[in-house]
C-alpha cells in the first residue's frame, strides 16, 4: 500500500513584492509529496529531473521518507524551469520563463515497487502523461486525485476531458472551474464538472478557502486569514498533497473524511505561503501542524442550539 | 427594550442579467428591519420618505410588527431614488441614478417611544446623520452596529472616523476594509480598523462569506453557494438586520453569539438575493429560515478527532 505522487520536480525563480529568489527547488510533485509525508509514511514520487538537480535536494526529499525510485535523472539534460513574478495583490502572476527541458518528452516510468499504489495523486502535468500513469498501474488505485490548471484547458482540452473520465477527485481553482464548465456560478459549474467523470470536485479559492462538491452535497472550508502571504507558489500542490496524504492515513474515502482532508490540506497550504518555495513545508513539526489544525477548528466552528 | 434601525427607505430601479424592475421599494432600513423582524419583535424604524411612497408599502412593513412612528413622511417631496445595473458577474454594478430628494436634508427625529433602544443599527446613511442619531438617544444603547460604504469614505471620511469612535460593530465589505485601512491584507486591515473605535469588525465578502474580527480572534463564516444570484441589492442590509435582530433576541453580546448572529444574517441575505428587491425576505416562513440555518451548519461543519 502506498501513495504515489506524479508531477513536476523543478527549479523555480520567484519574484514577489517581498523579494526574489535565484533558482530554488519547486515543482508540483515536490510540494505535494512533502505535504503528504506529514500524514502518511509511504509516499512515492514519479517525475523527471536533469543532471543539474542537486543530490542534496533529492536527499532532502528522501529525508522525509519519500521514495524517489520513480524520479528519473536524465544525464546531459536540464530540469524543468519556471520563473514568475507576482503582482502586488499576490492573486495574479506573470510567467516570465517556462523551459520545459526534460519535461518535453517525459515518459512516466512506474517502478514495479510502486504497483502497490492505493492512492494516486496526479499533480499538474500534461493530461496525456497523467492518463499514461493510470494505465501503467496494474490495479486501479482506490482513489485517484487529479490536479490541473488553465494551461492544459487552453492547449489540451480533449486529452484533459479523456483523463477526467478516469479519476475520482478533481482539484482546480474557481477561474478554472468556470473555464472548464463555461458557467459563472460555481454551483452550476460543479454540476457540469461532476458529469465529466470525477465524483468529487474541489474548487480552490485561495484566500477565500475551498468548496467540496459531491452528489448533492457541498462543504465550504475556510482559509486561514493571514497577515502576510509571502509566496503563493506551490500552495495548490501542497493542498493536494496534504489532502490525499490525510486520506491515505485514515484509509477510508467518504465525504466526512474528505472534509477533514480539505482542512488538513488547507493547513499545510497556509504554511507553504509563509516563506519562499518549500522552505516552510520542509521543516514543520508535528506540534506546529496540530496547532494549525486547531486554528482552523476555532476559525470556523459555531454552535447553534436547536 | 427595542431594536432601532435607521437608514434609507427608498425606491430602487434595478437591472440585472435576469431582468429589470420599475421603481420598487428598497432602502437599507427597509431590508434591515424586515430581516431583523424574523428574530425580534420590537423593531423600530427611523427614516424619511416623500408623499410618493405608497401607504400599502408602509403597511407591508408594519405587517411585520415593525414600528414606523419614526418614519417621517414629507408632504410635497419625493422619496430617495436609486437606480443601478449589475454586470454579468453580479459582483459589480453601475449606479445610473441617485436622486437624494428627501434625504438631502434628513434630520433623524427619534420618537420618545424609541428611547428604550437597546440595540441600534445605523444603516447606510451619511456618517453625520448616524452620529446625530446616537447623540439623540438619552441612554447609550447596549450595542451600536454601523454599516457604511465606500461612498462615505470618499466624500465624508472625517465624519465617518468621528462616528466610528462611538460604535461597537462595523460591517463593511472587503474592498471597503482595504480602502478604510490602506492595507491589502484583511488581517492587517482589521487590526487598523479595530484601533479606530469598533470592538468588532465584520468584513462581508459576498459569495465568499464573511469574517469577524475581535481582539485577537477571528471567525470565518461561509456563504451558501447558490446556483443563481438573481439580485444582490440589499443583501448587505439584510445581513446587518438579521445579525443585530438575532443578537437582540438572545440578549447577550459576546463573541460566540456574534458568530451565530453572522450565520443568521448570512442566511437571511442568502434569501434576499433569490428574488428582486424585498420580494423574498418579505414572505419567509419560520420553517424556511430554520432549514436555511441547518444548511449553513451542514455546509461548514467538520469533526476532527483529537
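A short reminder: the numbers here are calculations on the coordinates, not readings from a lab. Keep in mind that what you see is a predicted model, and the values were worked out from it rather than measured. Because the Cβ atoms are built from the backbone with ideal geometry, glycine has one as well, and the counts that use them run over all protein chains shown.
Just a few scattered comments:
- Distance between the modelled labels on residue B:118 and residue B:59, one decimal in nanometres: 3.3 nm (7 Å Cα→Cβ projection).
- Label-to-label distances for residue B:303 across copies, nearest first, come out at 1.4 nm, using points 7 Å from Cα in the beta-carbon direction.
- For chain B, built as a Gaussian network whose Cα springs stay under 10 Å, the top-fluctuating residue of B:246, B:114, B:184: B:184
- Using a 7 Å projection from Cα along Cα-to-Cβ, the label point at residue B:252 is separated from the same position in the remaining copies by 3.6 nm, smallest value first.
- Along its principal axes, chain A has C-alpha extents of 67, 43, 36 angstrom, given from the largest down.
- Chain B residue nearest the axis that carries B onto A, by Cβ, with distance in whole Å, is B:208, 2.
- Antiparallel bridges, percent of DSSP beta bridges restricted to chain A (to nearest 5): 40 percent
- Among beta bridges from DSSP that stay inside the protein assembly as shown, the antiparallel ones total about 40%.
- Cα centroid separation, region A:78-129 to region B:5-25 (Å): 50 Å
- The calculated FRET efficiency for the pair residue A:275 and residue B:216, based on their C-beta separation and a Förster distance of 22 Å, comes to about 0.45.
- Its relative contact order, with pairs defined as Cα atoms under 8 Å and 6+ residues apart, puts chain A at 17 percent.
- Ranking of A:53, B:255 by count of other Cβ atoms within 10 Å, fewest first: B:255, A:53
- Spacing of the modelled spin labels on residue A:159 and residue B:138, each 7 Å from Cα toward Cβ, amounts to 7.9 nm.
- Among beta bridges that DSSP assigns inside region B:1-116, antiparallel share in %, nearest 5: 40 percent
- Cα-projected label distance for residue A:283 with residue A:199, points at 7 Å along beta-carbon direction, nm: 4.1 nm
- Where a label projected 7 Å from the Cα of residue A:255 along Cα→Cβ would reach, residues of region A:204-240 with amide N under 18 Å: A:210-222
- For chain A, adding -39500 (n - 2.57) for each run of n ≥ 4 DSSP H residues and dividing by the number of residues yields -10500 deg cm²/dmol at 222 nm.
- Potential lengthening of the chain between residue B:175 and residue B:192 amounts to 4.7 nm, from the contour at 0.36 nm per residue minus the alpha-carbon distance.
- Each other copy places its own label point for residue B:153 at 3.0 nm from this one, sorted shortest first, where the point lies 7 Å along the Cα-to-beta carbon line.
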